[in-house]
Amino acid sequence: MTFEIKGNQFIKDGKPIKIISGAVHYFRNMPDTWPEIFKKLRAMGCNCVETYCAWNMHEKQKGVFDFSGILDVAEFIKTAQNEGLMVIVRPGPYICAEWDFGGLPWWIQTEEDMEIRCFNPTYIKYFDRYLDKLFDQIRPFLTTNGGNVIMLQCENEYGSYGDDKKYLQYLRDGYRNRGIDVPLFTSDGTSAEYILDGNISGCLPTLNFGSDVAERFAEHDRMFPDAPKMCMEMWDGWFDAWGDEYHHTTSAADYAKTVEDMLNKGSLNMYMFIGGTNFGFTSGANHFEKFLPDVTSYDYDAILTECGDTTEKYFALREVIKKFNPEPLPDVPANRVKKSYGQITLNQSSGFFENINKLSSPIASNVPKCMEHYGTGYGYIAYQTRLNRDYVNAKLTFESLGDRAQIYINRDLIGIVYVNDSELSVEFSAKEGDVLTILCENMGRTNFGSKMMRKKGIAGRCLLNNKIHFDWTVYPLPMDNVHLVDFKENANAENSAFYRGYLNVDVPADTFVRLSNFKKGFVVVNGFNIGRYWEIGPQQTLYLPKSLLNAGRNEIIVFESDGLKGEPIVEFLDKPILG
């Protein structure tokens, strides 16, 4: 296959083509689902799939790279090729995507001279190393090497963030110097300001929007009259944040009309074809007036549901795309089986404080510092100290907090402070020798805008009655080792506690985990963290893919930070409840 841009057209194998693409993030969808997703993409009439690449997943630890399993981007591309699909890759290094830190690895924040998304030598050093490794995975699949990767993106929506053209030029030249010889592009908002700051010569300018095609392309048409017209992100839904009143949805008919308008004008990539899941602690956050952490589900009201089911939107789009596709469409594959496995009781438990030394090694610290300072990026962190004297109606104050702190005297919860509170403080009384513990949760790094470099844990001064209290012990808690918890049968657990039970299944199938009697925490199934839950919603169930289940016994561990509302019962449903 050959692919190039000539004038205002995309040319495949010497003939003009419309790119009809859908977004699928390999790192949000289990590998066993990729072939089925691609078959449904083809059956809707698409000829291409687009994906971001998440640097922070491929390099979780500095200098240690992972391209296996759900991170096997080469296998993802190869699978798409086997299904007859072209591929568009958006490597970053920044991707946004409502993903933790916009895809950047947390550990770059530990560098003193770091400034992200600009021509900063330290930032360049690290993303150069990442691109070296990533492009080794992608290069064999370029159309120029006989593969199916037709285009790569430089950066992402840079015009909404900054204006460092030297940085963009360096990125573009770095792609070329690494043998990326297919067309390059940028994608930005629709105003002239965004396009001017975000685009660079040698990269096709594309746009991101969700409606009103003619209006959105007005500036692009004026600035680039002879370039192909492509919407790189035609938004078909939206993401949810914890505390939203409802799950965001959009009209199938309205979106189908927008897609038809865009196809009459040029090419498009529908964002998202399937949203998938923010497994573990990978969800990001927006932070403007308030900090708004995203929920675990990235269903997005996309064309396929979080678990890959077809929707009204899917069939409406199939009818539209038929008008632009002379070939008969394949039959639509059936949806995967979902099962309701009923309820189980997690009859083993263990308190958080009982296990803190099993889950973490203590670090002596004069004062509390941010999570990143102690070499951890995700999960929780506990700060503990022994009080030197009695305190009556004392005030504990945080200068900066990332993102939610539970304050304990001995093992009694005496207050919770959230980053959005009008005052980051709590009052307490205690005796000399009492132990003060502050358990902080990282609820997701900001993925967009000027507050991306905000640190987690206690990021500023922590004052006790407006004075600095010294001599702390710090416990980083990435929570990737909950198998070490010392569970006991029918124990009376503390407010913050771990619970364990077992689900027995004959035949594994997709299911959805409901935790009606739990308030806040995360769920681990057979050692895999399927994500966070929070009673404030809107999301009320967690997606559990069948590939994580075994025929027979399955271990379910829940960390509940806020205390149960009833018995530790977990229910497994055959339908999601997203709000």
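Every number here is computed from the coordinates shown, using simple stated rules; none is lab data. Note that the structure is predicted; figures quoted are calculated from it, not measured. Because the Cβ atoms are built from the backbone with ideal geometry, glycine has one as well, and the counts that use them run over all protein chains shown.
Assign unit charges at the C-beta atoms only (+1 for Lys and Arg, -1 for Asp and Glu), then state the dipole size of segment 90-131 relative to its Cα centre in Debye, rounded to the nearest 20.
On the way: 4 positive and 7 negative charges, 48 e Å.
That gives segment 90-131 a dipole magnitude of about 240 debye.
What is the fewest-to-most order of 469, 373, 220, 483 by other Cβ atoms lying within 10 Å of their Cβ?
In increasing order of surrounding Cβ atoms, one gets 483, 469, 373, 220.
In the chain, if every C-alpha pair distance is counted and binned at 20 Å from zero, what percent goes to each bin?
20, 52, 25, 3, 0
Across 5 Å bins from the origin, how do the percents of Cα pairs in segment 367-470 run, short distances first?
For segment 367-470, the pair-distance distribution reads 2, 13, 24, 26, 18, 10, 5, 2, 1.
Could you tell me, in Å, what Rg and Dmax come out for the Cα atoms of segment 488-542?
12.6, 35
With N denoting the number of residues in segment 20-125, provide Rg(C-alpha) divided by 2.2 N^0.38 Å, to two decimal places. Please report the intermediate quantities before stating the final value.
Details: Rg = 15.5 Å, N = 106, 2.2 N^0.38 = 12.9 Å.
Taking the Cα Rg and dividing by 2.2 N^0.38 Å, one obtains 1.20.
Per 5 Å bin, what is the whole-percent P(r) computed from every C-alpha pair distance within segment 348-389?
5, 16, 28, 24, 16, 8, 3, 0
I'd like to know how segment 519-579 sits against the 2.2 N^0.38 Å rule of thumb: what's its Cα Rg over that expected value? Intermediate results must be reported in sequence, preceding the final value.
On the way: Rg = 11.8 Å, N = 61, 2.2 N^0.38 = 10.5 Å.
Ratio of Cα Rg to 2.2 N^0.38 Å: 1.13.
Only sites in a loop by DSSP and with at most 16 other Cβ atoms within 10 Å count here; which GluC sites (Glu not before Pro) in segment 109-185 make the cut?
Values: sites: 111, 112, 115, 155, 157; in loops: 111, 112, 115, 155, 157.
In loop regions of segment 109-185 (DSSP not H, G, I, E or B), the sparsely surrounded GluC sites (Glu not before Pro) are 111, 112, 115.
Give me the distance between the Cα centres of segment 423-483 and segment 262-326, rounded to whole Å.
Here the two parts' Cα centres lie 35 Å apart.
Work out the P(r) tail for segment 222-338: percent of alpha carbon pairs separated by more than 19 Å, whole number.
Cα-Cα pairs in segment 222-338 separated by more than 19 Å: 56 percent.
Among 201, 191, 144, pick out the residue whose Cα is farthest towards the positive end of the charge dipole of segment 100-241, where Lys and Arg carry +1 and Asp and Glu carry -1 on C-beta, about the Cα centre.
144
Give, rounded to the nearest 20 debye, the magnitude of the charge dipole that the chain has about its Cα centre when Lys and Arg contribute +1 at Cβ and Asp and Glu contribute -1 at Cβ.
Values: 60 positive and 77 negative charges, 160 e Å.
Here the size comes out at about 760 debye.
If packing is taken as the mean number of other Cβ atoms within 10 Å per residue, what is the order of 413-424, 182-193, highest first?
Numbers: 413-424: 14.7, 182-193: 19.8.
Answer by packing, highest mean first, reads 182-193, 413-424.
Output needed for segment 85-187: three equivalent-ellipsoid semi-axes, defined as square roots of 5 times the C-alpha gyration tensor eigenvalues, in descending order, whole Å. Write down the numbers at each step before the final one.
Values: eigenvalues 113, 39, 36 Å².
Semi-axes from the Cα gyration tensor: 24, 14, 13 Å.
Using just the helices of the chain, give the 222 nm mean residue ellipticity in deg cm²/dmol: DSSP H runs with n ≥ 4 each add -39,500 (n - 2.57), and the total is spread over all residues, rounded to 500.
Working: 11 runs with 105 residues, N = 579.
So the helix-based figure for the chain works out to -5000 deg cm²/dmol.
Counting other beta carbons within 10 Å of each residue's own, what order do 154, 370 fall into, fewest first? Display every interim value, and only then the final one.
Values: 154 28, 370 19.
Ascending number of Cβ neighbours within 10 Å: 370, 154.
Any lysines with Cα under 30 Å of the residue 575 Cα? List them, leaving off those in the same chain fewer than 8 positions away.
List returned: 39, 40, 257, 313, 338, 339, 519, 520, 546, 565.
Tell me, rounded to the nearest percent, the portion of alpha carbon pairs in segment 282-435 spaced more than 23 Å apart. Could the numbers behind the result be given before it?
Values: 7432 of 11781 pairs.
Result for the distance tail: 63 percent.
Among the lysines, which fall within straight-line cross-link reach of residue 133, defined as a Cα-Cα distance under 18 Å, with same-chain neighbours fewer than 8 residues apart omitted?
List returned: 60, 62, 78, 125.
What is the ratio of the Cα radius of gyration of segment 17-322 to 2.2 N^0.38 Å, with N the residue count, to two decimals?
Numbers: Rg = 18.1 Å, N = 306, 2.2 N^0.38 = 19.4 Å.
Ratio of Cα Rg to 2.2 N^0.38 Å: 0.94.
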